[in-house]
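First up is the structure itself, then whatever we jot down about it.
The values are calculated or read from the model by the stated rules, or taken from the named source; none is laboratory data. Remember, predicted model here, so these are calculated numbers, not experimental data. For neighbour counting, all protein chains shown are included, and Cβ atoms are generated from backbone atoms with ideal geometry for every residue, glycine included. For the accessible areas, the whole protein counts, side chains as well, though only heavy atoms, and no ligand, DNA or RNA atoms are used. Shrake-Rupley method; radii C 1.70, N 1.55, O 1.52, S 1.80 Å.
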Amino acid sequence: MTLVELSQQFTSLYDAIDEKRRRLDFTGLKREVMELELMSHHPDFWNDRQKAEATLVKIKKLASRYQPWEKLYQDADELRSTLEIVKELDDAELEAEAVAQYLAMQASYKTLLQRERLHEESDPLDAIITIHAGAGGTESCDWVRMLYRMYSRYVQSQGFEQEILDVQDDEGGYRDISFQVKGEYAYGLLKYETGIHRMVRISPFDAAARRHTSFASVYVTPVLDDSIVVEIKPDDVRIDTYRASGAGGQKVNKTSSAVRITHLATGIVVACQNERSQFRNKDIAYSILKGRLYQHYKAQRDQEREANAVEKRDIGFGSQTRNYVFQPYTLVKDVRTKAETSQIHAVMDGKIDLFIEAALEEQWTSH
């Protein structure tokens, strides 16, 4: 990139950032944050610890709406000054530094635009991803394993953390696996991955090397914080305990520490066996259930139950939301957004931004 090209592209980006900053007008948000911060300095603030912690979470959430935009604008101002110096000095090293700053700023701007589309109250939360094997036997269990790897790679690329909550091993891979993704806007970014994922390939388990079709359902739910209340009465659930199983090792024991909770009214079933303590597994399972119920009731309110309650559908032919074809050609295509790519191995390595962006764009333009 030449200095002239850099200057032209930076000017365009700077104008876009400035226009966006002025149009958003965060005056009201700043005032609310200031009032809450004053409240947090009151001597009696920590008398109600639960309320105090919820207030601090709210301050952080509100501040995260405007602080990144203000920082980006400050960085843009600094880069504008740097470019003026580069033009005067004709310093190659300083020019290379300016290019790096511009590219970083461009990426930040793209991320912030994406976050503006994540406006629902649950979007900033952590997420729980559950993957079930469908039609296809051993092939589908291997497909679940492959999808888990794909999402794990994406999680790593975003700087998020993950933790397996429940896993049911089967021949070739996993019959079911649930894991929590911890990171800002994890749920908002991953929520549209919910759906039936269909794979077509030459099976490595078939001695005749025939082409097989496999299915798996992916279900993404938010990990609710104290700002979102979902009431679960004791009479509404059935709690079962069973022996933990899995890969073994220090984190899994053979006592009846695993917990399965069934919500009787909706039929939603969740489980956790990750912790040694039955009480801890029960707490985590309840957290998962709250997220699932939140989505269930929200889908009812929005009259989108059939679109969102994936586990109510058959996990088989005709119900898929995304196709992954390995042979005789390579193609990944989302049925809902029509986004597609032939780079299937890149997708399986976690490069699913194309599909996430397409889903967010579609939802943004439809509202």
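Structure data summary
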quantity	calculated
Pair list, Cβ < 8 Å and 6+ apart or interchain, from the range 123-134 residues that are open to solvent by 20 Å² or more (accessible area, probe 1.4 Å) to residues that are in a loop (DSSP other than H, G, I, E, B)	Pro124/Leu118; Pro124/Glu184; Pro124/Tyr185; Asp126/Gly183; Asp126/Val223; His132/Ile315
Scope the range 245-268; condition at pLDDT below 90 and open to solvent by 50 Å² or more (accessible area, probe 1.4 Å); matching residues	Ala247, Gly249, Gln250, Lys251, Lys254, Thr255, Ser256, Ala265
Candidate set from the range 327-363 (those that are of a type in the set (A, V, I, L, M, F, W, C) and surrounded by fewer than 16 Cβ atoms within 10 Å (Cβ to Cβ)); member that is nearest to Leu112 (Cα to Cα)	Ala346
Complete set of residues in the range 102-117 that are open to solvent by less than 50 Å² (accessible area, probe 1.4 Å) and modelled with pLDDT of 85 or more	Tyr102, Met105, Tyr109, Leu112
Residues within the range 29-43 that are out of contact with any helix residue (DSSP H, G or I) (no Cβ under 8 Å at 6 or more places or on another chain), closer than 20 Å to Glu70 by Cα and of a type in the set (A, V, I, L, M, F, W, C), tallied	1
Residues of the range 339-367 that turn out to be under 20 Å from the mean Cα position of the chain (by Cα) and assigned to a loop (DSSP other than H, G, I, E, B), as a count	5
Members of the range 269-288 that are in a loop (DSSP other than H, G, I, E, B) and either open to solvent by less than 10 Å² (accessible area, probe 1.4 Å) or in contact (Cβ under 8 Å) with a residue 40 or more places away in the chain (or both)	Gln273, Asn274
Filtered residues of the range 10-32 (kept if closer than 12 Å to Arg80 by Cα and surrounded by 15 or more Cβ atoms within 10 Å (Cβ to Cβ))	Phe10, Leu13, Tyr14
Filter result (of a type in the set (Gly, Ala, Ser) and within 25 Å of Leu112 (Cβ to Cβ)) within the range 72-95	Ala76, Ser81
Pick from the range 33-45, criterion open to solvent by 90 Å² or more (accessible area, probe 1.4 Å) and assigned to a helix (DSSP H, G or I), ranking: farthest from Tyr109 (Cα to Cα)	Met39
Any pair with Cβ under 6 angstrom, 6 or more apart, that starts in the range 1-26 at a residue that is within 17 Å of Gln67 (Cβ to Cβ) and ends at one that is in a helix (DSSP H, G or I)	Ile17/Leu72; Ile17/Tyr73; Ile17/Ala76; Arg21/Trp69; Arg21/Tyr73; Phe26/Tyr66
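Conditions (1) open to solvent by 50 Å² or more (accessible area, probe 1.4 Å); (2) within 22 Å of Ala359 (Cβ to Cβ), marked per residue:
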| position | (1), (2) |
| --- | --- |
| Gly136 | no, no |
| Lys182 | yes, yes |
| Thr194 | no, yes |
| Ile202 | yes, no |
| Arg210 | yes, no |
| Ile239 | yes, no |
| Arg243 | yes, no |
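This table checks each residue for (1) without any contact (Cβ under 8 Å) to a residue 60 or more places away in the chain; (2) aliphatic (A, V, I, L, M).
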residue	(1), (2)
Ala54	no, yes
Lys61	no, no
Leu72	yes, yes
Arg80	no, no
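Okay, residues lined up against (1) modelled with pLDDT under 85; (2) outside any loop (DSSP other than H, G, I, E, B); (3) not aromatic (Phe, Trp, Tyr):
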site	(1), (2), (3)
Lys290	no, yes, yes
Gln295	yes, yes, yes
Gln303	yes, no, yes
Glu311	yes, yes, yes
Gly318	yes, no, yes
Tyr329	no, no, no
Thr337	no, no, yes
